[in-house]
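Every read-out reported here was derived from the displayed coordinates using simple, explicitly stated rules and does not represent laboratory data. Note that the structure is predicted; figures quoted are calculated from it, not measured. Cβ sites come from the backbone with ideal geometry, for glycine too, and all protein chains shown count toward neighbours.
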């Protein structure tokens, strides 16, 4: 008998399948809202994607953002964005894309430094051209699509095609809703956020694979059990592992959110949302989908019955005999 982890000493009997239709309806609504927001409002692209200049500065004493913004507006180099982060004397300055390529961008940076005056420490300056930003958008979208295709192929060969369909739908669900989260709150979407989305896809598929593996194992052990009960059994048996994984990952991500600074804020928010939505989709999307496109249970049962026999153990060696020294056998 499979023993649960220490978090739950006994396998619970939660009827997850009872709520799967509500899960489907909620996910469809969430996906439609996310796609609609992405199409209408769009994403708040960072410097990585839309081009421009990012300056990280440290002032002497608390930063006066209004005065700094007024000085930059007098330069007539476009609308500058100033944001405090971390300590009161730390500021992020975003300058829009300037004509003249990289030379124009660097000229705007020099004008901004002269306007802000002395007594400011410039820790970081990043300049991204528009062509680089567009190329990064294409590369990021391509990387996401290729990752989803690779996940589908892996699940297809690892299990059956029915499992691959469920895993792919749940992973796309997690990616789309994460993009919708950044669209509705207009959080900055940059390369770090894209890395978080790919990490979310990996986390979600890992949780789904664990559940699918337990489902297939239950299909081999309980060949006559109704499929609805079998899925509930697999979900309950992996629930303790799910709680442990979510708790440990959430603690690590919360540490990044509170102590990682402004640079990792978007990554941390995306990861926190991904932990929640990835666990939800594994329980209420990926598992119920295979209830409607059930794999061939007879084929899986025959595969289990015709599996390779267990290797025979070598016979134990005879116990040593106590012979006097120098005696011949």
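Can you order the peptides 191-198, 138-145 by their average number of other Cβ atoms within 10 Å per residue, highest first?
191-198, 138-145
Taking Rh as the Kirkwood radius computed over C-alpha pairs, what is the Stokes-Einstein D of the range 119-253 at 10 °C in a medium of viscosity 1.306 mPa s, expressed in µm² per second? Kindly include the intermediate steps, with their values, before the conclusion.
Values: Rh = 17.6 Å.
D = 90 µm²/s.
Using only alpha carbons, build the gyration tensor for the range 52-128 and give me the equivalent ellipsoid semi-axes, biggest first, whole Å. All intermediate terms of the calculation are to be shown ahead of the outcome.
Details: eigenvalues 80, 31, 23 Å².
That gives 20, 13, 11 Å for the three semi-axes.
By average Cβ neighbour count within 10 Å, what is the ranking of 13-20, 213-220 from highest down?
Values: 13-20: 14.2, 213-220: 19.4.
Packing order, densest peptide first, comes out as 213-220, 13-20.
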